[in-house]
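S.K.: A single structure is presented below for examination.
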Amino acid sequence: MREILFRAKRIDDEEWVEGFYSQLPKPSLGATIITNGDLCAEDVSDYIIVNESKQHSNFSNAYPIEVVECEYYEIDSETLCQYTGLKDKNGNRIWENDIVRIGANTLVRWSEKYAGWCLIQRDWIHEHFFGEAFEAKYCEVVGNIFDNPELMEK
């Protein structure tokens with residue numbers, strides 16, 4: 001089964017954070033309003049939620065219990081990227097908006113037209129699917145369009 005993950009830059013320190021994407025009410029609201037399973041708050045922000053599962057054994061019973069602790073970070077929604085489910089030749093995750101080197105620098109994008117992950121180069125006329133012309137195991141992540149836009153200008 002494919003791992004569904006997102007990453008984005010945090011608002012507070014502009015560092016990348018990986019986890020689950022959600023829109024949540026801003027803390028100033030003080031309450032979450034849900035109607036028919038939908039969030040009904042006008043003042044919402046985009047967040048990445050990071051789950052960490054930890055075992056705690058300092059309880060009275062003899063068996064350790066597993067506790068899931070969550071942290072959440074407000075993110076810049078313009079930098080939101082989904083994990084493609086693919087890894088490069090070095091075992092690094094390949095994310096949407098990453099720049100991978102396959103001979104030349106190539107941008108990874110989601111294609112609404114083809115409903116799949118595609119590769120784009122400046123001199124190509126058409127997008128190419130991962131696996132159509134290239135396979136992920138032959139590429140290497142060299143940056144992303146947000147931190148290294150100059151890599152696509154060459």
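S.K.: What figure in square angstrom, to the nearest 10, would you give for the accessible area of Val141 with a 1.4 Å probe?
M.R.: My reading of the accessible area for Val141 is about 40 Å².
S.K.: Taking 0.36 nm per residue of separation and subtracting the Cα-Cα distance, what length does fully extending Trp16 through Asn51 add?
M.R.: 11.1 nm
S.K.: Just to verify a number: what accessible area does Leu119 come out at with the full protein assembly present, 1.4 Å probe, Å² rounded to tens?
M.R.: The value for Leu119 is about 0 Å².
S.K.: Among Trp110, Trp95, Trp124, what's the order by accessible area (1.4 angstrom probe), most exposed first?
M.R.: I get Trp110, Trp124, Trp95, largest accessible area first.
S.K.: Sticking with this one: For Lys87, go through the aspartates and glutamates and keep the ones whose alpha-carbon is under 13 Å away, minus same-chain ones fewer than eight residues off.
M.R.: Glu3, Glu96, Asp98, Glu135, Glu140
S.K.: For the stretch 96-137, which whole-number percentage of the solvent-accessible area (1.4 Å probe, protein heavy atoms only) is attributable to carbon and sulfur atoms?
M.R.: C and S atoms contribute 49 percent here.
S.K.: Could you rank Arg10, Arg122, Arg109 by how accessible they are, 1.4 Å probe, largest area first?
M.R.: Arg122, Arg109, Arg10
S.K.: Pairs Lys89/Lys113; Lys9/Lys137; Lys26/Lys113; Lys26/Lys137: which exceed 30 Å Cα-Cα?
M.R.: Pairs exceeding 30 Å: Lys26/Lys113; Lys26/Lys137.
S.K.: For Tyr47, Tyr138, give the ranking by accessible area with the largest first, probe 1.4 Å.
M.R.: Tyr138, Tyr47
The values are calculated or read from the model by the stated rules, or taken from the named source; none is laboratory data. Predicted model only: the values in this text are computed from it and were never measured. In case anyone asks, the SASA skips ligands and DNA or RNA and just uses the protein heavy atoms, side chains included. Shrake-Rupley method; radii C 1.70, N 1.55, O 1.52, S 1.80 Å.
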